[in-house]
1. Mind checking the angle between helix 209-218 and the chain's longest principal axis? C-alpha axes, 0 to 90 degrees, to the nearest 10.
2. Check the chain and count each lysine pair with an alpha-carbon distance under 16 angstrom, considering only pairs eight or more places apart or from different chains.
3. Using only Cα atoms, tell me the angle between helix 283-295 and the longest principal axis of the chain; keep it within 0 to 90° and round to the nearest 10.
4. So if R0 is 56 Å, what FRET efficiency would Ala383 and Arg272 give, r being the distance between their Cβ atoms, rounded to the nearest 0.05?
5. The chain: D in µm²/s via Stokes-Einstein (Kirkwood Rh, Cα pairs, 10 °C, 1.306 mPa s)?
6. Which of Asn227, Asn260, Asn374 moves most in a GNM of the chain, Cα contacts under 10 Å?
7. Could you pull out the GluC sites (Glu not before Pro) across the stretch 100-202 that fall in loop regions by DSSP (anything but H, G, I, E, B) with no more than 16 other Cβ atoms inside 10 Å?
8. How large is ³J(HN,Hα) for each residue in the stretch 160-176, as worked out from phi by the Karplus curve 6.51 cos²θ - 1.76 cosθ + 1.60 (θ = phi - 60°), to whole Hz, x for Gly and Pro?
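What follows draws every value from the coordinates through simple rules; no lab data is involved. All of these numbers come straight from a predicted model, not from anything done at the bench. As a convention, Cβ positions derive from the backbone with ideal geometry for all residues, glycine included, and neighbour counts pool all protein chains shown.
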Amino acid sequence: MKGVLSGVRVLDFGRYIAGPYCAMLLGEFGAEVIRIEKRGGGEDRSQAPLTPSQDGGLFMQMNRNKRGMTLDPMTPEGQEVVRRLVSTADVVVANLPPQTLAAMRLDYESLAATKPDIILTMVTAYGRGGPYSDRVGFDGVGQVMSGAAYMTSDGDGERPYRFQAPWVDFGTALHCAYGTAMALMAKQQTGRGQVVEGALLATALTIGNGLLIEQEVLSIDRRPTGNRGQTAGPVDIFRTRDGWILAQVIGQPLFRRWANLMGEEHWLTDPRFRDDISRGEHGALISARMGDWCAERTSAEALEILGKASIPAAPVLKPQQALDDPHVKAMQFFERVDYPGLPRPAPLARTPAWLSQTPGAIRHRAPTLGEHTNSILAEIGYAPEEIARLRERGVV
């Protein structure tokens, strides 16, 4: 089955996550994506390496469904290759600083001079137009500047924690993929291209906007409470006899079920717990009671009882346990994909947006370094002897 974006060609000059994952999402739904790397490989290729050639798991996830070529776009011959590639493309994705884009002639003005209806999807750390615009940054920039790291501290605000999973990078990629899809729809209607821009800090501020609205309106100056929720309760991670579980009681119907489960109706009549915000303010008391209840049971026992009471709860899993979880297996959230040099196939997370008529799919593995350079150059008009000269001169 052809994907809904079949016929769209994307040039991916991205690195790490925000750009490459955006391009990958387009590729999941049928776009032809060409990953363009440095001659020695991009910085992200060897992060947490798994193979003798130092290819990493994150690269395998970010760059599936892509063809790959190497190129030095800073040479005159390399910029001619870029020009020819752009003339065949619909979208260019690049999470690079604006000055780098200009030096590589990947800025919108240069691209549009070659292909007037091109769409440039770009990602920066801070966005353009502010005092930090020329700074570079990774996912953590958004986490620490949005208030998220402070609010995820251990409870006294003295030791903020950065979340290990790069949610700001992934969120920015999702925003940019959405924006690119909108730009492609606009192009169908108007025939014009445009710039789609995302920023790490903008994503983090968006995801944390509710807390910031509360702060602006009420000047409440919330302090961190570790895993304990602040606007409902009990919301926390609790120790059981053999592990840890999460429980989240939000809203009066759930709180009533929780009080009935505890066999203690006084929770329902005490004015300290009259609504979610009050329960958040006195969350330590509720968490202590729930903690005592959990400590008397194994995780399996607690989850079984909470499940029957329709109270949201889940186990805290280690990475291997997440892979082995029976629901994860039954739902086939992962697809095992082989890659040269791997001792066993890699579990790649399938497309997490399920379309009933035009689903996304993992069609092939990520490319090895420069795997498709020759074939891509041939497609844009280079003869074999010209490709050989480009190799001799270190352009590809």
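1. It is inclined by approximately 60 degrees.
2. Taking the chain as the scope, the lysine pair count is 4.
3. The two axes meet at around 90 degrees.
4. Details: r = 80 Å, r/R0 = 1.42.
Working from the Cβ atoms, E equals 0.10.
5. 66 µm²/s
6. Comparing Asn227, Asn260, Asn374 in a Gaussian network model of the chain, the most mobile one is Asn260.
7. Filter output for the stretch 100-202: Glu158.
8. Result, ordered by residue: x, 10, 8, 5, 5, 6, x, 5, 5, 4, 5, x, 5, 4, 4, 4, 6 Hz.
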